[in-house]
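The structure appears right after this line, and notes come after that.
Bear in mind that the values in this text are calculations on the coordinates, not laboratory data. No experiment lies behind these values; they were computed from the predicted model shown. Heads up, the Cβs are rebuilt from the backbone with ideal geometry, glycines too, and the neighbour counts pull from every protein chain shown.
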Amino acid sequence: MPSEPPWEDLLAPLEPATVGPFLPARERFPARETIASSLASSGLAAFLRDAGEDAPLTLVINDPQRPPAPRPALEAILGMADRLRLRPRLRLLVATGSHRFTAEERRRHEEAFLGPWSARFVERAWHDARSEADLAPIGPHRLHRFIAEGPRALAIGSLEPHYFAGVTGAHKALTIGVMALGDLTANHEAALEPRAAPLALEGNPVFEGAAATLAALERSGHSLFAVDLIQAGGRVLGCTAGPPLRALREGLPRVRRTFARQVPAPLDLVVSRVAPPLDRSLYQADKGIKNVEGAVRDGGVILLDAACHDGLGIDRFVRLLERAPDHASVLALVRREGYALGDHKAVRLRRLTDVRGVRIGIVSRALADTDARVLHAARFDDRAAAARWALGALGARRTRARDRGGALIVQDAGQVILESAGGRDGSQPRAAASSGSPGTR
């Protein structure tokens with residue numbers, strides 16, 4: 001299939017600007033040196049010495065739907081262990097949350113990460129939130145037994161904005177990523193609350209749930225360590241390491257500088273381009289809508305450019321939308337039947353299209369037109385058709401970029417967030433306005 005014309009040409013009447021992650025012209029150091037330098041001063045050596053060689057040490061990584069943990073991170077960790085003449089008894093745990101994967105997907109993911117280090121791991125597991133046999137209690141929650149049994153776990157995460165968890169990273173992999181389905185569902189129900197917002201930590205109930213779980217692990221005598229990478233454009237831009245919440249907070253300034261973009265006034269149109277792996281399904285690509293919606297004016301347009309090769313992905317929220325044609329009815333259904341995983345997507349989407357009147361176009365050949373109609377969205381096979389529709393939808397409201405409205409193309413919108421002027425210094429950007437809580441918690 002020939003390459004499509006750039007959005008800048010198709011939307012030329014709006015003179016769109018383009019933003020994306022902030023990528024320095026060149027890295028100060030290669031990824032290996034960046035990671036190794038951070039680990040050298042992080043306390044990892046003491047953590048590995050304390051781990052010894054008798055008790056297991058669990059290494060936690062993200063699943064294939066998250067930015068991958070680059071092999072240089074594993075090389076740096078095991079290289080330090082070798083220099084210290086330590087051979088910890090390693091277990092690998094893939095933090096999947098509620099996701100499921102085929103045997104082939106698992107094999108490829110492990111092979112890409114472990115490489116020549118594969119034989120060093122005595123056990124491997126993929127978290128299954130529904131498997132009673134693999135869960136054990138920690139405080140009020142149940143986590144994968146590798147974590148609950150302890151005594152030590154080291155997670156490699158990727159720090160980036162998350163539209164309701166604030167920031168994702170190793171702290172999330174060690175907690176939400178390995179929870180029982182019921183605990184995970186209770187945590188995600190808090191995504192309906194106003195403070196569940198990109199880059200929001202204090203007062204964010206989703207983040208605070210993860211922090212409370214970390215505290216419960218530590219009270220139980222567990223020793224936890226985090227290696228957090230800031231990655232964009234296939235590059236490692238930075239690395240922090242240490243106790244999970246310390247590593248997170250040390251990385252926040254770089255996360256904001258890399259992924260947050262300010263807009264001076266609400267926009268008429270945003271093109272939200274979602275990059276792999278988040279573009280594989282609509283369930284994941286929806287982050288590209290959530291990350292930009294607060295910067296679009298009421299009645300404006302969002303164009304989601306995402307392949308969605310796997311179709312809808314987890315489709316619970318679409319099935320809910322089939323029964324709820326407007327915002328009031330979806331809230332009523334959640335109140336009456338109780339929250340289920342994914343319902344926050346339905347509530348937020350109906351608020352966007354019904355209450356705020358924002359029109360959504362999706363450029364994907366893999367989605368069905370019927371599914372798009374349930375979303376109150378229009379589906380297009382190509383950018384040109386989507387651009388014609390958007391320009392027609394804006395009609396007389398079309399403006400040039402230098403005027404009040406204008407258009408913006410967001411590259412890597414699964415990670416980049418837009419903040420309208422007036423956000424609270426990153427604690428609760430306007431990009432995450434309240435979606436309305438159904439009061440079911």
Using helices alone, I'd like the mean residue ellipticity at 222 nm for the chain: each DSSP H run of four-plus residues gives -39500 (n - 2.57), total over residue count, nearest 500.
-9500 deg cm²/dmol
Cβ-based charge dipole, the stretch 1-153, positive-most Cα from Pro30, Gly79, Leu10
Gly79
Farthest toward the dipole's positive end in the chain, which of His327, Pro64, Gly115, given Cβ charges of +1 (Lys, Arg) and -1 (Asp, Glu) about the Cα centre?
His327
In Hz, Karplus ³J(HN,Hα) per residue of the stretch 408-421 (6.51, -1.76, 1.60; θ = phi - 60°; x = Gly, Pro):
9, 9, 10, 7, 6, 5, x, 10, 7, 10, 9, 10, 6, 4
Toward the positive end of the charge dipole of the chain, about the Cα centre and with charges on Cβ (Lys, Arg +1; Asp, Glu -1), which of Ala372, Leu199, His171 goes farthest?
Leu199
Counted neighbours (other Cβ, 10 Å), sorted fewest up, put Cys239, Cys308 in the order Cys308, Cys239
The stretch 88-216 - charge dipole about Cα centre, Lys and Arg +1 at Cβ, Asp and Glu -1, debye rounded to 20:
440
For Leu57, the residues 5 or more places away or on another chain with a placed amide H closer than 5 Å to its own amide H are Arg89, Leu90, Arg91
Rounding to the nearest 20 debye, state how big the charge dipole of the chain is about its Cα centre with +1 on each Lys and Arg Cβ and -1 on each Asp and Glu Cβ.
540
Restrict the search to the stretch 1-95; then list the trypsin sites (Lys or Arg not before Pro) that DSSP places in a loop and that have at most 10 other Cβ atoms within 10 Å of their Cβ.
Arg26, Arg28, Arg85
Springs between alpha-carbon pairs under 10 angstrom, Gaussian network model over the chain: which of Thr168, Thr370, Thr240 fluctuates most?
Thr370
Between the stretch 170-213 and the stretch 24-85, what is the separation of their alpha carbon centroids in Å?
25
Check: the stretch 31-257 dipole with +1 on Lys, Arg Cβ and -1 on Asp, Glu Cβ, in debye:
540
For Gly361, distant residues with modelled amide H under 5 Å away
Ile302, Leu303, Leu304, Ala378
Quick one: which residues, 5 or more positions from Cys239 or on another chain, have an amide H under 5 Å from its amide H? H modelled 1.01 Å from N in the peptide plane, none for Pro or chain starts.
Ile230
One can check that the equivalent ellipsoid of the stretch 93-159, built from the alpha-carbon gyration tensor with semi-axes equal to the square roots of five times its eigenvalues, has lengths in Å, largest first, of 22, 15, 12
Kindly provide the pair-distance distribution of the stretch 294-365 built from C-alpha pairs, with 5 Å bins from 0 and whole-percent values in order of increasing distance.
3, 16, 23, 22, 20, 12, 3, 0
